[in-house]
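Visitor: Pasting in a structure now, in structure tokens, and then I'll have a few things to ask.
The values are calculated or read from the model by the stated rules, or taken from the named source; none is laboratory data. Bear in mind the structure is a predicted one, so any value in this text is a computation, not a measurement. Methodologically, a virtual Cβ is constructed for each residue, glycine included, from the backbone with ideal geometry; neighbour enumeration extends over all protein chains shown.
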Amino acid sequence: MSENPVPSHGPHPLLELARRAVEEFVRHGRILAVPGPIPEEFQKPAGAFVTLKKSGELRGCIGTLGPTCPDQFREVVQNAISACSRDPRFPPVHPGELEDLHYQVYILQPAEPVGGLADLDPQRYGVIVHKSGRRGVLLPALEGIETAEVQVAIACRKAGIDPADNPELERFEVLTFQEASDEP
């Protein structure tokens, strides 16, 4: 289900929305008003992640596993603002960086429990690990992650879980939208 539509007439609406939300927040400190009407395919609530990259390197990534807003447009606006301003790994994006950012938007499908590593495919599924109130998440199709073992180990490390403690596993599929880039 992981897709990368390449529109022939400009950026995908979710990518354009993420860009506009970040620019409005970084330049003016305002939350972008969601343009209407919202196309039917984006009216259904869904979890979403927004990833910002600069020179091919991660610059921010924040998301929600399930919907927190009534539609995908509002979910993307909320997570785009969080990715540029609230990712604890990075300082907030400043106006001078805006032209250098590349955007990715992931719309998450509902997660489902799995029995073990054999049910995972890091190219197709994202993973959620749970143990003792801790939770870690990793999106699918990330560069350098070729096996379920590596995917789970990274998600566990993010959550402070020892993979040997047999955490509960869930998987999810995503619809992926990303800007074309001239980066290697």
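Visitor: Tally time: how many residues in segment 140-180 are β-branched (Val, Ile, Thr), over 19 Å from Pro113 (Cβ atoms) and without any contact (Cβ under 8 Å) to a residue 60 or more places away in the chain?
Guide: Residues meeting the conditions: 4.
Visitor: Further, regarding this structure: How about segment 46-63: which of its residues are crowded, with 17+ Cβ neighbours inside 10 Å and either under 14 Å from Tyr106 (Cβ atoms) or without any contact (Cβ under 8 Å) to a residue 12 or more places away in the chain (or both)?
Guide: Hits for segment 46-63 are Ala46, Gly47, Ala48, Phe49, Val50, Thr51, Leu52, Lys53, Gly60, Cys61, Ile62, Gly63.
Visitor: Separate question: Scan segment 11-20 and tell me whether some residue there is modelled with pLDDT under 95, closer than 21 Å to Ala83 by Cβ and in a loop (DSSP other than H, G, I, E, B).
Guide: Yes, because at least one residue in segment 11-20 is modelled with pLDDT under 95, closer than 21 Å to Ala83 by Cβ and in a loop (DSSP other than H, G, I, E, B).
Visitor: Out of all the residues in segment 55-72, which are under 12 Å from Gln43 (Cα atoms) and either β-branched (Val, Ile, Thr) or over 14 Å from the mean Cα position of the chain (by Cα) (or both)?
Guide: Listed by number, the residues that qualify are Cys69, Pro70, Asp71.
Visitor: Would you say Val93 is more than 19 Å from Phe177 (Cβ to Cβ), surrounded by 12 or more Cβ atoms within 10 Å (Cβ to Cβ) and not assigned by TED's automatic domain parsing to the domain that holds Val137?
Guide: yes
Visitor: Also, quick follow-up: Name the residue that is farthest from Leu108 (Cα to Cα), counting only residues in segment 142-158 that are modelled with pLDDT under 95 and of a type outside the set (D, E, K, R).
Guide: Looking at residues that are modelled with pLDDT under 95 and of a type outside the set (D, E, K, R), I get Gly144.
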